[in-house]
1. Inspect region 444-461 for any residue being among the basic types (Lys, Arg), in a loop (DSSP other than H, G, I, E, B) and free of Cβ contacts under 8 Å to residues at least 24 places away in the same chain and give the result as yes or no.
2. List the strands (runs of 3 or more DSSP E) inside region 260-347, counting only whole elements, that have at least 2 residues being free of Cβ contacts under 8 Å to residues at least 24 places away in the same chain and either in contact with a helix residue (DSSP H, G or I) (Cβ under 9 Å, 6 or more places away or on another chain) or of a type outside the set (S, T, N, Q) (or both).
3. Hey, can you tell me all the residues within region 410-443 that are assigned to a loop (DSSP other than H, G, I, E, B), among the aliphatic types (A, V, I, L, M) and either more than 20 Å from ALA360 (Cα to Cα) or in contact with a strand residue (DSSP E or B) (Cβ under 8 Å, 6 or more places away or on another chain) (or both)?
4. Considering region 469-491 alone, what residues qualify as being part of a strand (DSSP E or B) and open to solvent by 50 Å² or more (accessible area, probe 1.4 Å)?
5. Only one residue in ASP466, ASP494 is under 30 Å from GLY293 (Cβ atoms) and surrounded by fewer than 19 Cβ atoms within 10 Å (Cβ to Cβ), so which one is that?
6. Identify all residues within region 355-385 that are under 26 Å from GLU501 (Cα atoms), open to solvent by less than 10 Å² (accessible area, probe 1.4 Å) and either in a helix (DSSP H, G or I) or at pLDDT below 95 (or both); write none if there are none.
7. If you scan region 228-242, which residues turn out to be over 15 Å from ASN399 (Cβ atoms), in contact with a strand residue (DSSP E or B) (Cβ under 6 Å, 6 or more places away or on another chain) and open to solvent by 10 Å² or more (accessible area, probe 1.4 Å)?
Amino acid sequence: MSEKIYGLLLRLYPARFRQAHGEEALQLYRDRSRDERGLVPRLRLWLDLVADLAVSLPREYRRTGPTLVSASAQPGLNGLPGFRLLEEQPPRTGALLSAVFLALAGLAAASVLINYGGSHPNSHLWQAKPRAQQPDRSAATGSPSSSPAERSSVSAQTASAPPANSMSGLDSQDGVSASVPPSQSKATGQQRAQTPAAKAAQANPQAATVAVEGTPMDAAQRHKVINGAVANLRQYYDYPEIGQRVANALLAYEGRGDDNDATDADTFAVLLNQQMLDVSHDGQLRIRYHVGGIPSPPAGPSIEELARYRAELEENNCFFSKVQMLPHNIGYLKLDSFADPAICGATAAKAMASLNHADAIIFDLRDNTGGYPKMVALMAGYLFEKPTHLNDMYDRNDNSTTESWTPAPVKGNRLADKPAYVLTSSTTFSGAEEFSYDLKMLKRATIVGEPTSGRGHIPIGRRIDDHFEILVPDRRPVNPISKTNWDGPGVQPDVRVKAAEALETALKLARAKSPQH
């Protein structure tokens, strides 16, 4: 119910914002809702959401007037990319405030009714056994800018975000038992009388709906799934020590009988996910149950999918949404995705050539959803005079490491020694985080804005049986300087300000260093 209410609140945003960030916002809400349980944490969650709504809603509508209709490259002044604009008047402030007030009033009323109903059961009404949270049965999908190959693979990287308190690396696991977390072994008498499956359902009240009997599972079937999960964790999880701890914990839970109450597949999947999260603190490590069976992986993108992908990139100017020179000779590039350089390399070269005489350059990645590592390296290459080691990708699957370097310098490039600034937000994601983190570690750019989303390692779906698969992160970036990455806490800005204030802050910093100042 709470998730549906939040989904309704998202409808207050402009359509362009919902299309670009709606699914990600819902996933972030699900992760926080799952981790922040209890009255006080849940109240804090909604206060944060209301505050974000009050700040971001007017900002997004201001951005809609004028709204960018097409970012396709058009012949413009001096060969710069041109844009077609559609003049729109944003809704009046009074209308927005009225909508927010009505939404919050409805939310408050619904929350009171839900809590009252949960605390005051009516003995005259039929009550079904609460169901735990339904697992996500759909295949992972990429961002709007992901390639057809990424979107067509069942084993594609998941879009789910780690919980707000997610941490990565071995240091985050200090004090975590290799079997059952101590906090769970000290339950009160009342807690001990409550089954683990019921606890999982209570931990996800938004998913506690009228029960519909799911696919039944007996002890032998549960044991087979646990053994499959354990084998995959031990063999593939990109932090071997943590993978071993999670595997040992699953076996300990089973041996203690904590899984006995999970007699249907849906409830069992939810319970396993909670058990793994308790030890790993990794929201990207998940069990998925496919009621109709795990789909066979496609052979690859069709010709039609490739054509649609290319058309999408061309229509959106390869997501180079804004390229311009600002006062004081400051170059500004708003890039919303790192698209395939095989298709968009020429667009990138044209955009950077138009900024080549800037005294400073600002990369705006506040709305960037990530993309291709090769485009990350291509764009970073304009800031260096020689090929530079940016990042390594460690693959646990074959215990290999692949290095990422910037390409050879572009002939005539004049930006290699100019001050650079990168704007970030809490929704800066994946490849955009790598770009920011690499330049930060190399001390080549000043990061301005908010900590990024903190998604660093890559989960791959691995089959356990015909219906269960486990998403196991088996690859992670390793920076050659820090020997770690941004997974969990995100890329921390050098100058921390609200995302809406990042551009003005970077402009002030750039003007202070400008020769024209």
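The values are calculated or read from the model by the stated rules, or taken from the named source; none is laboratory data. From a predicted model like this one, the values you see are computed outputs, not experimental measurements. Using ideal geometry, Cβ is built from the backbone for each residue, glycine included, and neighbour counts are taken over all protein chains shown. Ligands, DNA and RNA are excluded from the accessible area calculation, which covers all protein heavy atoms including side chains. Shrake-Rupley method; radii C 1.70, N 1.55, O 1.52, S 1.80 Å.
1. Residues of region 444-461 that are among the basic types (Lys, Arg), as a first pass: 444, 455.
Imposing the further condition that a residue be in a loop (DSSP other than H, G, I, E, B) reduces the set to 444, 455.
Next, from what is left, pick out any that are free of Cβ contacts under 8 Å to residues at least 24 places away in the same chain: none.
Scanning region 444-461 turns up no residue that is among the basic types (Lys, Arg), in a loop (DSSP other than H, G, I, E, B) and free of Cβ contacts under 8 Å to residues at least 24 places away in the same chain.
2. Values: elements: 286-289, 320-326, 330-335.
Fully inside region 260-347 and qualifying: nothing.
3. At the first step, the residues of region 410-443 found to be assigned to a loop (DSSP other than H, G, I, E, B) are 410-419, 425-430, 442-443.
Still in the running and among the aliphatic types (A, V, I, L, M): 410, 415-416, 442.
Matches in region 410-443: LEU415, LEU442.
4. Of the residues in region 469-491, the ones part of a strand (DSSP E or B) are 469-478.
Hit for region 469-491 is ARG475, nothing else.
5. On the way: ASP494 fails: under 30 Å from GLY293 (Cβ atoms).
Sole residue among the options that is under 30 Å from GLY293 (Cβ atoms) and surrounded by fewer than 19 Cβ atoms within 10 Å (Cβ to Cβ): ASP466.
6. Once the filter is applied, which keeps residues that are under 26 Å from GLU501 (Cα atoms), open to solvent by less than 10 Å² (accessible area, probe 1.4 Å) and either in a helix (DSSP H, G or I) or at pLDDT below 95 (or both), region 355-385 yields GLY370, VAL376, MET379, ALA380, LEU383.
7. ASN232
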